[in-house]
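Working notes, structure below.
Each reported figure results from applying straightforward, stated rules to the coordinates on display, with no laboratory input. In this text, all values refer to a predicted model and were calculated from it rather than measured experimentally. Cβ atoms come from the backbone with ideal geometry, glycine included; neighbour counts cover every protein chain shown.
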């Protein structure tokens, strides 16, 4: 499980069989204090892969900068590059994802919030006394 910020917008593609696959970049931060009292920070970058319905959901809800929680497994792929050199990539294939913030994309407008005026009527003292006399008990 990881908690981090997305480094780019999700990329949704479909396999020839029609299966959805979404790739996402994520950065995680770790901070600690050294023995000498110096504060240090380290950032790691991860390649996240989602499949099927979760892939489609990720492409709809996620965007660069969004803070998310992901849970999944490590998978290492090996292949030969176009230059003939062996290549390797370790990815996190996620099985669960939670959005941890309420950010909006820059192109989405936030709903206009109208100030709410409290509906409290204050009666002048003379009117309040007249109303009190009309009460039948």
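Quick look at the numbers
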quantity: Cα→Cβ-extended label distance, 7 Å offset, between residue 100 and residue 19, nm; calculated: 2.9 nm
quantity: Ranked packing of 15-27, 80-92, most packed first, by mean Cβ within 10 Å; calculated: 15-27, 80-92
quantity: Calculated diffusion of the stretch 2-102, Stokes-Einstein form, Kirkwood radius summed over Cα pairs, 20 °C and 1.002 mPa s, µm²/s; calculated: 143 µm²/s
quantity: Full-extension gain in nm, residue 35 to residue 82, via 0.36 nm per residue minus C-alpha separation; calculated: 12.3 nm
quantity: Residue order, fewest to most surrounding Cβ atoms within 10 angstrom, among 70, 99; calculated: 99, 70
quantity: The stretch 1-58, relative contact order [Cα under 8 Å, separation at least 6], %; calculated: 34 percent
